[in-house]
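> Please read through the structure below; I'll follow up with questions.
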Amino acid sequence: MVNSSAMTDNITVSSDSAISESKAKELALALNYPFSILNSNQIQLVVTQQHIEIRAPDLGNPIFIDFEQGKNAHRRQFGGGRGQPLAKAIGLKKGATPTIIDATAGFGRDAFVLANLGCQITLIEKNPLIATLLDDALYRAQDSCEIRDVISRMSLINNDAVHYLTQLKDNEYPDVIYMDPMYPSREKSALVKKDMRLLHQLAGPDTDSAELLITAQAIAKKRVVVKRPKSADFVGEQKPTTTIESKNTRYDVYVSS
């Protein structure tokens, strides 16, 4: 289980039933968050009999991660394989399946796509709540005969990406480092999906993507790939080696020298 020594006000761990209460209290202790009864007026990490989820005011239904069903299943089946823009940006081609570090894992969707395409990928997620959702989803997915092999190629680290990367030894350097840094969103817009609003709420403003890009360029053996909205500025005003675009997204590729 992931852990963090951080103590954040107004975030607690809870359970939705007496059956899950013991597990919730263990999780609260591991994360150093207080345990409390269900409270709709605060952000809570809630342990249910099915999964671990986040409940937050004004976000509607709880948020959890499921690699077996929903959007992840759809992308796995209909995402376009190695011909999709993400795969091209990463450098996937016949005879080339790079090792990857996803330095900003979030809900793990792009990492799951890349693992499904055969890549060994390490997911780095700084926020302990999001990392806990990822950890829970990876654990549950091990029981799925359809994606067990995919999940075996994914490993999770709850850490700050810059700190983690700078601690790597030379023989641990990945071929590719992937970044999807937080982009300012219209917080009150109906166009911003609730899970993205939650990420913004938990992560706060992006203050270190330029530093992360510089660090990643010193570590990645082959390339760094930065996912951006089509209209966004280059991270750190660094012009990429090349860019691959999809409908609403572009991938800025920085090829290692």
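> Considering the alpha-carbon set of the stretch 108-160 alone, what are its Rg and its Dmax in angstrom?
Answer for the stretch 108-160, Rg first and Dmax second: 10.5, 32 Å.
> Sticking to Cα atoms, compute the Rg of the stretch 69-178 to one decimal and its Dmax as the biggest Cα-Cα distance, whole number, in Å.
Spelled out, the Cα radius of gyration and Dmax of the stretch 69-178 are 13.6, 38 Å.
> If the chain between Glu211 and Tyr183 were fully stretched, how many nm would it gain, using 0.36 nm times the residue separation less the Cα-Cα distance?
8.5 nm
> For a paramagnetic label modelled at 7 Å from the Cα of Asn10 toward its Cβ, which residues of the stretch 138-160 fall within the zone defined by backbone nitrogen distances under 16 Å?
none
Each reported figure results from applying straightforward, stated rules to the coordinates on display, with no laboratory input. This is a predicted model, so every value here is computed, not measured. Cβ coordinates were reconstructed from backbone atoms using ideal geometry, including for glycine residues, and neighbour counts include every protein chain displayed.
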